[in-house]
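Shown next, in structure tokens, is the structure this report addresses.
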Amino acid sequence: MRAWDASRIAAAAGATLLVEPTGERTEQGPLRATIDSRHAVEGELFVGLRGERVDGGEHALEALGAGAWGVLVDPEYAAPAAVAQSGGAVLSHPRPLEAMQALARAWRRELGSSGAQLVGVTGSTGKTSTKDILAALLASHRRVVASPENLNTEIGLPLALLAAPAGTQALVVEMAMRGAGQIAELEAIAEPDVGVIVNVGPVHLELLGSLEAIAAAKAELIAGMRPGATVVVPAGEQLLERHLRADVDTLTFGDGGDVALEQAAHGRVRLRVFEQTLELQPSFSQAHNLQNLLAAVAAALALGIEPAELAAQASLQVRFSALRGEHLSLSGGVVVINDCYNANPMSMRAAIDDLAETAPARRVAVLGDMLELGPQAPRLHREVGLYAAERGVDLLITVGALAAEMRTEFEGESYSTADAAAAAERLAPLLCEGDTVLVKGSRGVGLERVADALGTARVP
């Protein structure tokens, strides 16, 4: 937005411009938007959002004092900010979030008018990793911007779009949801040229109730896409078939799809891309991430990248977002698989597979509650416990009341703990040299504390 002046920003946001910026702030528009006045820096537009307890607009003067380019806040807070005459722009809107979303849409269209293409990625699991892989694939061919970490909601997505600089050629954004209508809201802001649905699985059952409802919620991405756009979906996913559109191109990935895995060995993978063969050397080998790679390759093709261009990359180095399958080496030859950002039945199985396939010695799993699964939660937790047993987990420590259900189907050594701190305390004396420890649970369980504690634990 650096080239936009205050009047244009106000018009794009549907806001009222009460005060023009002065001094150096008139030379360029804002770099990006922020909603945290504590971290507002020179050149940013502070947007004051109303929370459950506090209205961010209360901090408008604080943000301006920190050097923010300007503020976009409710009229109640805009008026005092305007009187203060701090040198920053003051924009007023009764619904600042709505204004920020409109501004993000306008900026996305501005980037699009210069040729930028946008990929929206959603799915029950693996969407962040797919986004990371796709961004790495595109980096050698386009000036690419990917949404950082978990900026994937009605608040985070606009922030990610507004941080993309002029000259961006490809945007890769993640789209998350918990209920119906939320993907449609994000799609209307981002207006993707390519939509990716990584998979459909038993996530958010508490609100949606069935896999069919989850698929319909994910398919809101397809419903909102312009004619001629492209959607990337798993091959043979019957839950999505009725949502596909004749006027939106469809690319499939996985067994029997347009992009399929033929072989993975010795750090190299061979893919079949339509009738061609594509070989890549990715920096990862987990089975679930190889499936995510297929989705990412299909999305790259949809953006016009030729298979030969992808094959020309010597290697594909992907830096995955934090807390998503990181392998951390500790003293005593202990390895921690830090995958505690979130969890659901699909991602739990994938993480257990990673543990089973990479552990050279004893396999230890610290597994926490999987939240938002509704009445089916006890059964789904028991099934994970059974799966852990089948995949050869030697020691299981559960965290939380729901996760305790896993022990009913697990015959090996196991313990139940109430919280992350208790799990860390229980695990420390049980660690042995050469152990591989998987740490995974829903975000609300806070299992990163277990991974942090293991970093300082001594192996007996």
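For the pair Arg8 and Arg226 in one chain, pulling the backbone fully straight at 0.36 nm per residue adds 75.9 nm over the alpha carbon distance. Each other residue within a Cβ distance under 12 Å of Ala135 adds +1 if Lys or Arg and -1 if Asp or Glu, for a net charge of +2. Calculate, for Arg50 and Glu275, the FRET efficiency according to 1/(1 + (r/R0)^6) with r their C-beta to C-beta distance and R0 56 Å; round to the nearest 0.05. That pair, Arg50 with Glu275, gives E of 0.55. Where a ≥ b ≥ c are the square roots of the eigenvalues of the C-alpha gyration tensor, would you call region 204-275 rounded, which needs a/c under 1.5, or, failing that, prolate if a/b is larger than b/c, or oblate? Since a/c reaches 1.5 but b/c is at least a/b, the shape of region 204-275 is classed as oblate. Net charge in the neighbourhood of Thr230 (other residues with Cβ under 9 Å of its Cβ; Lys, Arg +1, Asp, Glu -1) is -2. Placing dummy labels 7 Å off each Cα toward the beta-carbon, the span from Val83 to Arg319 is 4.7 nm. With both residues required to sit in region 6-95, DSSP beta bridges show an antiparallel share near 30%. Determine the sum of side-chain charges near Leu293: Lys and Arg each +1, Asp and Glu each -1, restricted to other residues whose C-beta is under 15 angstrom from that of Leu293. Taking every other residue near Leu293 into account, the sum is +1. Put the Cα centre of region 348-402 next to the Cα centre of region 37-116 and the gap is 44 Å. At full extension, Ala361 and Gln263 could sit 32.7 nm farther apart than now, given 0.36 nm per residue minus the alpha carbon distance. Could you tell me whether region 326-456 comes out rounded, prolate or oblate from its Cα gyration tensor? Rule is a ≥ b ≥ c as square roots of the eigenvalues, rounded for a/c under 1.5, then prolate if a/b exceeds b/c, otherwise oblate. In terms of gyration-tensor shape, prolate.
Computed per residue of the chain from DSSP H runs no shorter than four, each worth -39500 (n - 2.57), the mean residue ellipticity at 222 nm is -9500 deg cm²/dmol.
Looking at region 326-456, the DSSP beta bridges with both ends there are about 15 percent antiparallel. Packing, as the average of other Cβ atoms within 10 Å across residues, places the peptides 394-405, 308-319, 288-299 in the order 288-299, 394-405, 308-319, highest first. For the chain, the share of DSSP beta bridges that are antiparallel, to the nearest 5, is 25%. Set the Förster radius R0 to 22 Å, insert the Cβ-Cβ distance between Ala139 and Glu306 as r into 1/(1 + (r/R0)^6), and round the FRET efficiency to 0.05. The value I calculate is 0.85.
Close amide H partners of Glu326, meaning residues 5 or more places away or on another chain with modelled amide H under 5 Å apart, are Asn338.
For a label point 7 Å from the Cα of Gln28 along Cα→C-beta, name the residues of region 58-102 whose backbone N is under 15 Å from it. Counting backbone N atoms under 15 Å from the label point, the list is 68-70. Scan the chain and note any complete DSSP helix (H) whose C-alpha atoms cover at least 15 Å along its axis and whose Kyte-Doolittle average is 0.0 or more. TM-like helix candidates: 127-138, 287-302.
Every number in this text was worked out from the coordinates using simple rules, so none of it is lab data. Computed from a predicted structure; not experimentally measured. When we count neighbours, we look across all protein chains shown, and the Cβ atoms used for this are built from the backbone with ideal geometry, even at glycine.
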